[in-house]
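Please read the structure below before turning to the comments.
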Protein chains: 2
Amino acid sequence: MASRTATELVHPDRTRLRFTAVLAALSDPVRLAIVARLADVEPDGELACTTFALPVSKSTQSGHFKVLREAGVIHQRDEGTRRLNQLRRDALDTRFPGLLDLAIPQGHEVLAGW
Amino acid sequence: MASRTATELVHPDRTRLRFTAVLAALSDPVRLAIVARLADVEPDGELACTTFALPVSKSTQSGHFKVLREAGVIHQRDEGTRRLNQLRRDALDTRFPGLLDLAIPQGHEVLAGW
């Protein structure tokens, strides 16, 4: 069965989030913008990848989402043909308190500049 | 005059620190260890590059210090043949409150593992 949902989406457990990986994930303006958009739909909101309208190619965009997921910043799940994204607020706030609160305004600044 | 002190050490003004550059600088275990060592000698302490005994080559070490300086995380100055390093605590706490307080314990964990 070669459907989109066959892709396994790996997420690190919240106890295994690495500070260096999370910082690296947040050290890019496009990824900060993604985080800020997801913060706008908290706590339960999910946004499909296709709704972000980022100023990068589709494959570059996919790479950014992957970096965020593998670092533990976002949760992704497939629903039909859509890939839905959600900020892992609880995990991040527990492990690295205050970090998201620094990152989100930075992402909003990026969005405002586009 | 080809002395060591002829090298110009560029430091970003505190108003121009970029979040993405600071996060990238702090997203490496060796650089986190340097930050933690400098935090141990705050507020006025400076440590010479040669005192860090990092488990990397001398040129790699120099590169790490340069990344930290150019991002605005540390201040460097030359004194004779020594290059002295100091954490830019005030600038970082003003621009990105809480970030250093997250990073320093991470650096101490790195040091404990060496």
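The values are calculated or read from the model by the stated rules, or taken from the named source; none is laboratory data. Quick caveat, the model's predicted, so the values are computed rather than measured. Glycine gets a Cβ as well: all are built from the backbone with ideal geometry, and neighbour counts include every protein chain shown. Side chains included, ligands, DNA and RNA excluded: accessible areas come from the protein's heavy atoms. Shrake-Rupley method; radii C 1.70, N 1.55, O 1.52, S 1.80 Å.
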- Query: For segment B:59-93, how many residues are touching a strand residue (DSSP E or B) at 6+ places or on another chain (Cβ under 7 Å) and free of Cβ contacts under 8 Å to residues at least 24 places away in the same chain?
  - Reply: 0
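Among what's in segment B:72-114 and is assigned to a helix (DSSP H, G or I) and small (Gly, Ala, Ser), pick the residue that is nearest to the other protein chains (Cβ to nearest Cβ). Give the derivation first.
First, pick out the residues of segment B:72-114 that are assigned to a helix (DSSP H, G or I): B:89-95, B:99-113.
Among the residues that remain, those that are also small (Gly, Ala, Ser) are: B:91, B:103, B:107, B:112-113.
Numbers: B:Ala91: 15, B:Ala103: 8, B:Gly107: 9, B:Ala112: 14, B:Gly113: 13 Å.
Within segment B:72-114, the match that is nearest to the other protein chains (Cβ to nearest Cβ) is B:Ala103.
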- Task: Could you give me the residue pairs with C-beta distances under 7 Å whose first residue belongs to segment A:94-111 and is under 13 Å from A:Leu23 (Cα atoms), whose second residue is aromatic (Phe, Trp, Tyr) wherever it lies, and which are 6+ apart or on separate chains?
- Result: A:Phe96/A:Phe19; A:Leu102/B:Phe96
- In the set B:Arg16, B:Arg31, which member is among the basic types (Lys, Arg), under 18 Å from B:His108 (Cα atoms) and out of contact with any strand residue (DSSP E or B) (no Cβ under 7 Å at 6 or more places or on another chain)? B:Arg31
- Do we find that B:Thr50 is more than 14 Å from chain A (Cβ to nearest Cβ), open to solvent by 50 Å² or more (accessible area, probe 1.4 Å) and either under 25 Å from A:Leu17 (Cβ atoms) or not acidic (Asp, Glu) (or both) in this structure? yes
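Does A:Asp28 meet the test of being acidic (Asp, Glu) and buried (at least 17 other Cβ atoms within 10 Å of the Cβ)? Show your work before the answer.
Values: acidic (Asp, Glu): yes; buried (at least 17 other Cβ atoms within 10 Å of the Cβ): yes.
Taking the combined requirement at face value, the residue satisfies it.
Does B:Leu38 satisfy the criteria of being closer than 21 Å to B:Ala112 by Cβ, in a helix (DSSP H, G or I) and more than 14 Å from chain A (Cβ to nearest Cβ)?
On the way: closer than 21 Å to B:Ala112 by Cβ: yes; in a helix (DSSP H, G or I): yes; more than 14 Å from chain A (Cβ to nearest Cβ): yes.
Yes.
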- Message: Which residue is nearest to the chain's Cα centre (by Cα), if the candidates are limited to segment B:55-114 and must be of a type in the set (Phe, Trp, Tyr) and at pLDDT 95 or above?
- Response: B:Phe65
- Considering only segment B:71-97, how many residues are touching a helix residue (DSSP H, G or I) at 6+ places or on another chain (Cβ under 7 Å) and at positive phi? 1
- Looking at A:Gly107, A:Gly113, A:Gly98, which is the one that is open to solvent by 50 Å² or more (accessible area, probe 1.4 Å), within 26 Å of B:Leu26 (Cβ to Cβ), small (Gly, Ala, Ser) and in contact with a Pro (Cβ under 9 Å, 6 or more places away or on another chain)? A:Gly113
